[in-house]
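The values are calculated or read from the model by the stated rules, or taken from the named source; none is laboratory data. Since the model is a prediction, treat every value here as computed from it, not as a measurement. Here Cβ is always computed from backbone atoms with ideal geometry, including for glycine, and neighbour counts include all displayed protein chains. Only protein heavy atoms, including side chains, enter the accessible area calculation; ligands, DNA and RNA are left aside. Shrake-Rupley method; radii C 1.70, N 1.55, O 1.52, S 1.80 Å.
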Amino acid sequence: FGTSNYFIIKMACSLYLIYVGFKTMFIEDTDSNVATSKIDNKSYFYEAFCVEFTNPLAFTFFISIMTMYIDMNNPIVVITAYWVELTILAALWFLSASYILSSKLVTRYTTRYRRAINIVTGALFIILAIKNIVFLIEQIM
């Protein structure tokens, strides 16, 4: 896997983060009644877990983040360890996110401040991606 391919992947992942950032910042609040409806916490947990675990964008997001910090000059054992660690962390993230997001307190809080959370999260994605693009351009020059 050549250095130019690695550059292309890192650049594509950075552009993807910019896309996700803008999409997050300007998402429409169409499902505001979801949090206020009467949903059993257990079924809400399972639903949240299934959505999080089967979401291909979530995996793409984790891969986008990881490609920024993996040095291709590391031995294959180190790179494999990174990916195993990422898999474990992703599974823990999906479980904890499903559990936390299904609690009533969090649901009430996030519903109230959903717009602000979306703007801050989107801005962080964009800043992280721009930082990575600047770093990539500096490496070329």
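Whether any residue in the range 35-57 is open to solvent by less than 70 Å² (accessible area, probe 1.4 Å), touching a helix residue (DSSP H, G or I) at 6+ places or on another chain (Cβ under 7 Å) and either modelled with pLDDT of 75 or more or among the β-branched types (Val, Ile, Thr) (or both) is what I want to check. No, the range 35-57 has no match at all.
Does Thr87 satisfy the criteria of being farther than 26 Å from Met25 by Cα and assigned to a helix (DSSP H, G or I)? If you could, list the steps in order and put the result at the bottom.
Values: farther than 26 Å from Met25 by Cα: yes; assigned to a helix (DSSP H, G or I): yes.
Against the criterion (farther than 26 Å from Met25 by Cα and assigned to a helix (DSSP H, G or I)), Thr87 qualifies.
Are there any pairs with C-beta distances below 6 angstrom linking a residue in the range 2-18 that is at negative phi to a residue that is part of a helix (DSSP H, G or I) and modelled with pLDDT under 85, with the two at least 6 apart or on different chains, and if so which? Short answer, once both residue conditions are applied: Ile9/Thr67; Lys10/Thr67; Cys13/Ser64; Cys13/Thr67; Tyr16/Ser64; Leu17/Ser64.
Pairs linking a residue in the range 60-73 that is on the phi < 0 side of the Ramachandran plot to a residue that is modelled with pLDDT under 70, with Cβ atoms under 7 Å and 6 or more positions apart or on different chains, are Met72/Phe1.
Among residues of the range 6-21 being within 14 Å of the chain's Cα centre (by Cα) and open to solvent by 50 Å² or more (accessible area, probe 1.4 Å), the one that is farthest from Arg115 (Cα to Cα) is Leu15. Which members of the range 127-141 meet the condition of being open to solvent by 100 Å² or more (accessible area, probe 1.4 Å) and hydrophobic (A, V, I, L, M, F, W, C)? Those that are open to solvent by 100 Å² or more (accessible area, probe 1.4 Å) and hydrophobic (A, V, I, L, M, F, W, C): Ile127, Ile140, Met141.
Does at least one position in the range 106-126 carry a residue that is open to solvent by 80 Å² or more (accessible area, probe 1.4 Å) and under 23 Å from Ser14 (Cα atoms)? Yes, some residue in the range 106-126 is open to solvent by 80 Å² or more (accessible area, probe 1.4 Å) and under 23 Å from Ser14 (Cα atoms).
Scanning the range 103-115 for residues that are over 21 Å from Thr24 (Cβ atoms) and part of a loop (DSSP other than H, G, I, E, B) gives a single hit, Ser103. Residues in the range 67-77: is at least one at pLDDT below 85, within 14 Å of Leu15 (Cα to Cα), surrounded by 16 or more Cβ atoms within 10 Å (Cβ to Cβ) and touching a helix residue (DSSP H, G or I) at 6+ places or on another chain (Cβ under 7 Å)? Looking for residues that are at pLDDT below 85, within 14 Å of Leu15 (Cα to Cα), surrounded by 16 or more Cβ atoms within 10 Å (Cβ to Cβ) and touching a helix residue (DSSP H, G or I) at 6+ places or on another chain (Cβ under 7 Å), one finds at least one in the range 67-77, hence yes.
Of all residues in the range 87-110, those that are touching a residue at least 60 places away in the same chain (Cβ under 8 Å) have Cβ atoms under 6 Å from Cβ atoms of residues that are not in a helix (DSSP H, G or I), 6 or more apart or on another chain, in Thr107/Ala35.
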